[in-house]
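Reading through the structure tokens given below for one structure.
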Amino acid sequence: MSRTITRATASLRARRLPSVLLHACLIAVATLCFAPESAAAKNKIAVIDLRRAVADTEDGLRVQAKLQQMIDSRQSDYEAKEKAYLEAKADFEKLAKTKKTSEKLLRKKYAALEKMAADLQVAQVSYRREMQRQENELTYPIILHMRQLMRRLSGENGYDMVLSKEAVPYYRADLDITDRIIQMYNASQSTGATGKKPAGKKGPKSATKKGPPPSKGKPKIKVPKR
């Protein structure tokens, strides 16, 4: 069972950001559909490795760290359940070898063991689905913002379409806008949604002289001299 969850974890990591490719294909298809036929031969194309773009942003690195924490937590939980199953299985095998154990008790133990095995399978499937859901939920805002940045960069440079690297067998290196999009994304997050630069540290305040504190008690009355 430990090998099963390990393979499942490795498979999950290998298939990180599946929705990225889907969004990239949708962008490419939409652009192709609305491109004028007469200008098809003159289209200016850019290419992006959207998987790396999402993963290498500051937000993407935080998402990966959070997902890794969840993977480690789920792995520990699964291993605890697996250990309990293996111990129960060993106990059942010992009882099965002794002639003193009744057939009724053996059947009861076997039924409980089968239920534990089924629960492990359910936990594995639930684990994979939860990881996929969390991944999609955490990466979706990054992908949406990157689509906006791709539109902006396309408008600035006259790109007619932006294709996913996975969908292009060959392209010139100068057509790759991955690093540019990563830089734009990180810059947009550091400046904030309003485009204002983050406030720097304020300098030390100039020292102001303070007058003596007000005296407490009854005020003194000066008596004029005669």
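Where a number appears in this text, it was derived from the coordinates with a stated rule and is not lab data. Computed from a predicted structure; not experimentally measured. Note that we place each Cβ from the backbone using ideal geometry, even for glycine, and neighbour counts take in every protein chain shown.
How long are the three semi-axes of the equivalent ellipsoid of the range 47-159, in whole Å, if each is the root of 5 times an eigenvalue of the C-alpha gyration tensor, listed from largest down?
On the way: eigenvalues 545, 28, 14 Å².
Semi-axes (√(5λ), whole Å): 52, 12, 8.
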No solvent, one uniform scatterer per C-alpha: report log10 I(q)/I(0) for the range 98-149 via the Debye equation at q = 0.14, 0.29, 0.30 1/Å, two decimals.
-0.59, -0.99, -1.01
Extent along principal axes [Cα atoms of the range 95-182; Å; largest to smallest]
83, 27, 17
Ordered by fewest other Cβ atoms within 10 Å, a rough proxy for footprinting exposure, 76, 188 read 76, 188
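Please sort 78-86, 91-99 by packing, taking for each peptide the average over its residues of neighbouring beta carbons within 10 angstrom, highest first. Walk me through the numbers on the way to the answer.
Details: 78-86: 15.0, 91-99: 10.7.
So the order, starting with the most tightly packed, is 78-86, 91-99.
Taking a 32 Å limit on the Cα-Cα distance, which of the listed pairs 42/165; 66/89; 42/66; 81/104 fall beyond it? Please list the in-between numbers first.
Details: 42/165 20 Å; 66/89 35 Å; 42/66 44 Å; 81/104 26 Å.
Correct reply: 66/89; 42/66.
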Once amide H atoms are placed 1.01 Å from N in the peptide plane, what residues at a sequence separation of 5 or more from residue 161, or on another chain, have their amide H within under 5 Å of its amide H?
44, 46
